[in-house]
Structure formats: C-alpha cells, structure tokens
Amino acid sequence: MDSDAVRARPPTGHNGDSASNGKCRPKARSSPVDCHVGTCLYFKIVSAAEFSGGIKTLGGGNPSSAFADQNPVRPPHLSSAQSRPVKSPNSCSNIAMERSSVRKSNLYQTTGKHSRGPRRPAVHESFRRTERDQQLVEVLVHRVRVLSLQQVTRTWWAEATSKDALKRLRLLEQAGLLHLFQALSHPEISLDAPEVSWSPGQPAPNMGRASYRLGSRWNQSPVELHCAIATTLAARSFGGHGGRFPRESERTHDLHMSAVFLRYRLAHPELIPFWKSEARILWERGGLKKEKLPDAVLELPDQRHIVEFGGAYSKTKLESFHEYCSSVGASYEVW
C-alpha cells in the first residue's frame with residue numbers, strides 16, 4: 001500500500017470506525033464472556049480456512065495479517081497457557097455444561113459465610129435408608145430429643161465400632177435427617193433402677209433421702225461427646241418433632257433421659273408405642289406451660305405413668321413433683 005493511499009484514508013477511532021467531529025470514539029469494553037466466545041470463534045475460522053484451502057493469510061491477502069502455522073497469533077488477553085485450539089465445534093458449550101454440573105453438585109454441600117440460609121447437604125445417589133436408619137430417626141423424632149454416639153453404637157451397632165456408627169450418622173446428616181454436633185456433658189452414669197417410685201394409694205416417699213441420692217451421683221468432670229438430633233426435615237417426613245438443639249444446661253439431663261428410654265426399649269419393648277416425649281406433650285397442650293411438663297409419659301390404656309429424670313433435684317422440687325402427679329392421678333418414677 002502506497003503512502004498516498006494512506007494519506008487519503010479518513011481518520012479512524014481506536015475501534016477502527018470513522019471518527020466524528022475530529023474526536024476518536026472510545027473503544028467499547030468487552031466482558032470476559034465476550035472475550036472467551038470471541039476467542040473460540042476466532043480459532044474456528046482459522047481452522048476452517050486452513051482446512052478448506054490451506055490459506056496462510058487472512059484479511060484480503062495482506063501479508064501483515066498472515067498467521068504462521070508454527071506460531072499462531074494470540075489475543076492479547078490470553079496467555080500461552082490459556083490459548084489453545086478448540087477441540088470440537090461444541091467445546092465451549094461442553095465446558096459450560098461441565099461447570100454447570102459442578103456447580104449443581106456443590107450447591108448443597110457447604111454453606112458459606114454469606115449464604116442465604118441453611119442448605120441441604122448433597123446426598124449420594126446410592127444412599128438408601130435401612131431398617132436400622134429408620135428406627136434411629138424415629139426414636140429421635142418421636143421418643144427423645146438427643147442421642148450420644150455411645151448410645152447409638154451400643155443400641156444399633158453393637159457388633160461394630162463407634163467409628164462405623166459415626167460414619168453412618170454422617171451419611172444420615174448428608175441426607176438431611178440428622179444434625180451432628182459435639183457437646184460437653186457429664187459422663188453417662190449407670191441407671192439400673194429408678195431412685196423413687198410411687199403409685200396412687202401408696203405413702204409419699206422420703207424426698208430428703210431421695211434428693212441426697214440424686215445429688216451425690218454427679219462427681220465427674222464433663223467430657224465432650226458426639227451427639228445427634230433429628231432435623232425439621234425428619235420431623236416433617238416422620239410426623240414428629242425435631243430441629244431443636246438442647247441448651248447447655250439441658251445436655252446432661254436430656255442424654256440421661258435418652259438412656260432411660262433406651263433401657264425401657266430393651267427391657268419393655270411392648271411399652272414403647274405408649275411413650276410420649278416432652279415435645280409431644282407440649283405440642284398437645286398447644287405450646288402452653290401452665291402446669292408441670294414431665295420428661296415423658298406412658299399413656300397406658302388403664303393408667304398414666306410419668307417417667308422423670310431427677311438430675312440433682314432438691315427436696316422441694318421432688319415434693320412439688322409428687323404433688324403434681326398425685327393431683328392428676330398418675331403413678332411416677334424418678335431416675
């Protein structure tokens with residue numbers, strides 16, 4: 001191209017368009033998505049041109065725009081590691097689909113600091129609930145609030161180890177049925193028999209002596225335990241209660257109340273269908289706490305039997321509990 005032709009050319013802006021009013025038009029910005037799409041099309045054209053006619057130059061035969069096979073020109077926004085020929089005509093869409101599938105698979109795995117609320121963890125497609133899983137979740141939904149890993153292991157995984165039980169609990173957590181957490185609690189004490197038992201018509205027990213026995217049991221330092229509760233999803237699925245973590249002051253009490261239930265489950269399985277948890281009793285009362293709320297009640301056909309875990313009840317509290325049970329005509333036992 002001669003110099004006269006160059007002088008006769010009208011002034012152009014940065015983007016190659018004719019300038020207006022003697023000013024250069026600013027170059028339009030392109031998003032990263034446009035750049036990548038443009039790059040894919042750019043290499044497709046070169047590949048098609050080379051395939052159709054072995055053309056070595058583009059742009060109307062201008063030698064300055066020639067692309068050598070051994071040194072292809074790269075767009076300035078891509079490094080040598082990023083720029084490479086497209087493998088197939090649909091490679092861009094394939095990559096987008098792969099990235100979309102990765103995002104979908106990770107959607108429910110974690111919840112970030114700025115997430116929009118809790119999300120269900122991802123569940124492997126091969127996960128299937130077993131009869132043992134069903135029993136475990138039903139106990140947490142209908143009978144007790146919390147179970148420790150030791151209680152779960154000795155009840156449902158007696159032939160295995162706590163490590164195997166914890167692995168299965170984590171799968172149930174990923175399925176959205178359980179919440180696992182660690183809590184400080186007094187080590188579980190031996191519960192061979194209730195400390196106080198009473199039925200209507202019998203004389204009132206000696207509550208001072210009973211209070212001393214209850215309070216003298218707590219002589220060890222707290223330990224950290226793996227615990228599990230049912231989720232609200234499990235509560236909806238099984239028609240029960242869940243999603244409430246025990247308060248710090250309730251952990252030892254609730255775990256020992258679970259131990260009492262598991263003892264009933266082993267010694268008197270025929271009574272388990274009549275067992276009502278504290279959450280169930282509160283729900284039946286419409287959430288009102290106008291009267292004493294027992295830990296559990298056995299609503300037998302001909303009798304109402306209250307089961308209470310005494311913790312370190314004082315003499316006054318035991319006497320108040322006795323008066324309540326006597327007023328409603330229920331027998332009771334305090335563990």
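Of note:
- Across the stretch 131-170, the qualifying residues are those that are of a type in the set (D, E, K, R) and either in a loop (DSSP other than H, G, I, E, B) or touching a strand residue (DSSP E or B) at 6+ places or on another chain (Cβ under 6 Å) (or both), and the one among them that is surrounded by the fewest Cβ atoms within 10 Å (Cβ to Cβ) is Glu159.
- Residue count, the stretch 171-210 (criterion: out of contact with any strand residue (DSSP E or B) (no Cβ under 7 Å at 6 or more places or on another chain), within 30 Å of Gly243 (Cα to Cα) and of a type in the set (S, T, N, Q)): 2
- Selection within the stretch 300-333 - part of a strand (DSSP E or B) and within 24 Å of Arg244 (Cα to Cα): Ile306, Val307, Glu308
- Breaking point among (1) of a type in the set (Phe, Trp, Tyr); (2) closer than 28 Å to Arg168 by Cα; (3) in a helix (DSSP H, G or I), for Phe245: (3)
- Only one of the listed residues (Ser237, Ser211) is in a helix (DSSP H, G or I), buried (at least 16 other Cβ atoms within 10 Å of the Cβ) and in contact (Cβ under 8 Å) with a residue 24 or more places away in the chain. That residue is Ser211.
- Among residues of the stretch 214-234 being small (Gly, Ala, Ser) and either surrounded by fewer than 21 Cβ atoms within 10 Å (Cβ to Cβ) or more than 20 Å from the chain's Cα centre (by Cα) (or both), the one that is nearest to Leu172 (Cα to Cα) is Ser221.
- Test: residue in the stretch 271-280 that is free of Cβ contacts under 8 Å to residues at least 24 places away in the same chain and either of a type in the set (A, V, I, L, M) or within 24 Å of Leu300 (Cβ to Cβ) (or both): yes
- Test: residue in the stretch 293-311 that is more than 23 Å from Gln150 (Cα to Cα), touching a Leu at 6+ places or on another chain (Cβ under 8 Å), among the charged types (D, E, K, R) and touching a residue at least 12 places away in the same chain (Cβ under 8 Å): yes
Where a number appears in this text, it was derived from the coordinates with a stated rule and is not lab data. Being a predicted model, the structure only gives us computed values, none of them experimental. When we count neighbours, we look across all protein chains shown, and the Cβ atoms used for this are built from the backbone with ideal geometry, even at glycine.
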